[in-house]
1. I need R267, R122 ordered by Cβ neighbour count within 10 Å, fewest first.
2. Calculate how steeply helix 87-98 sits against the longest principal axis of the alpha-carbon atoms of the chain, using the helix alpha-carbon long axis, and give the answer as 0 to 90 degrees to the nearest 10.
3. When the helix-only estimate is applied to the chain (DSSP H runs of n ≥ 4, each -39,500 (n - 2.57), divided by the residue count), what is the mean residue ellipticity at 222 nm, nearest 500 deg cm²/dmol?
4. Please work out whether the stretch 125-168 counts as rounded, prolate or oblate from its C-alpha gyration tensor, where a ≥ b ≥ c are the square roots of the eigenvalues and a/c under 1.5 means rounded, while otherwise a/b larger than b/c means prolate and anything else oblate?
5. Whole-Hz Karplus ³J(HN,Hα) for the stretch 57-73, in order, using 6.51 cos²θ - 1.76 cosθ + 1.60 and θ = phi - 60°, x for Gly and Pro?
6. Suppose R0 equals 51 Å. What FRET efficiency, 1/(1 + (r/R0)^6) with r the Cβ-Cβ distance, do A31 and R130 give to the nearest 0.05?
7. Where in the stretch 78-168 are there GluC sites (Glu not before Pro) that are in a DSSP coil and have at most 11 other Cβ atoms within 10 angstrom of their Cβ?
8. Neighbour counts of other C-beta atoms within 10 Å: give me K192, K254, K217, K285 arranged from fewest to most.
Amino acid sequence: MDDLLMVPGPTPLPPEVRAALTLPMVNHRSAPFRAVEEEVQAGLRQVFDTTAGRIFVLPAAGTGGLEAAIQNLVEPGQTVLSVTMGSFGDRWANLARVFGAQVETLASEWGSYPRPEELAERLAADREHRIRVILLTHNETSTGVLLPLEAMARARGDHPALILVDAVSALAATPLRMDEWGIDCVVAGSQKALMTPPGLAVLALSERAVATMRAVKGPRGYFDLRGYLKPDNTTNLPYTPAVSLFYGLRASLKLILGAGLEASYARHERLGAMARRGLEALGLKLVADPDAYSPTVTAAYLEGADEFRTRLRGLGVTIAGGQGKLAGRIIRIGHVGFVNPVDMLGTLAAMEVTMGREHAGHAVAAAETVLEEVAVR
């Protein structure tokens, strides 16, 4: 029997995805695999909500996708504005520094997020348009904070900087309208709400970003996205792709789009509300501010957090700990991907047992109120 995996990725896998991963290997230059790739491209286009954007699927973790975005869209010496609110935002800023960018930051306290008006003011002060790229983290899993992405993207106004979004833990779990919101690059990973094993980084680039990608003169190698586009703008796979993961992603996209993206968004919101009420019923303080709750991960302060997680694993439930300056201080419950309300109730029940008899029933009862208020679909 599998343990209950309640971390912010990798997600448990639907049976259909598990089955797809066992399909026979094929020549990645063959017509059958080309058909698989086209299905994946079409499905991802719907998830990114873009008609004009170009889709790239790389054999890499999500961080590889973030690195690819920097290499292909930022030249050494250019100024990048990193809007950061936690460990993963800081990581992306550091990647930009590694590749020679001059990084400026707009940061908030962990548990909150920089406000759109702060970004608008910062860009308005950049009258010479030194800032070439803005880095946004849609969902900060280290703190359980969701950025109001539409408002942040619109805060750019008429500034010419490209907007790059880390949506690794957000895509398919919460609305993201790439074309409508004027986003130039979105990076996601296969192992979160896309419900596929780790190993695929997925990028969507606007036409403006593609033009920038073609013009950038910085060093590039394995992650050179120019190799993924033919002169006629049709896609090309320059290296051997992760064939089995393509099969899994195709199966997952069929599930997500068959049920509807809105249903996926609602499910993640419902699970997040269950987690928050359950944790608060146990007397725990949430890390995220009330206006910043994530639909895919909930973080709470807990003394002896790492020891608590070890004891919880003894009951067959795995949750995540803290990162960076929150290491050892918090627990994080992932509710992303192939997770349902029963999984959440089981996790909270195991937490009650671990915390002691006096907590029995509190978290589960609190979480059940969410199910009474919001219909399960």
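Every read-out reported here was derived from the displayed coordinates using simple, explicitly stated rules and does not represent laboratory data. Treat the numbers as computed from the prediction; the structure is a model and nothing was measured. In this analysis, Cβ positions are derived from the backbone assuming ideal geometry, glycine residues included, and neighbour counts consider all displayed protein chains.
1. In order of increasing Cβ crowding within 10 Å: R122, R267.
2. On a 0 to 90 degree scale, this one is about 20.
3. Computed mean residue ellipticity for the chain: -12000 deg cm²/dmol.
4. In terms of gyration-tensor shape, prolate.
5. Karplus-based 3J(HN,Hα) across the stretch 57-73 equals 10, 10, x, 6, 6, x, 4, x, x, 5, 5, 4, 4, 5, 4, 8, 10 Hz.
6. 0.60
7. The qualifying sites are E109, E128.
8. By the 10 Å Cβ count, ascending: K217, K285, K254, K192.
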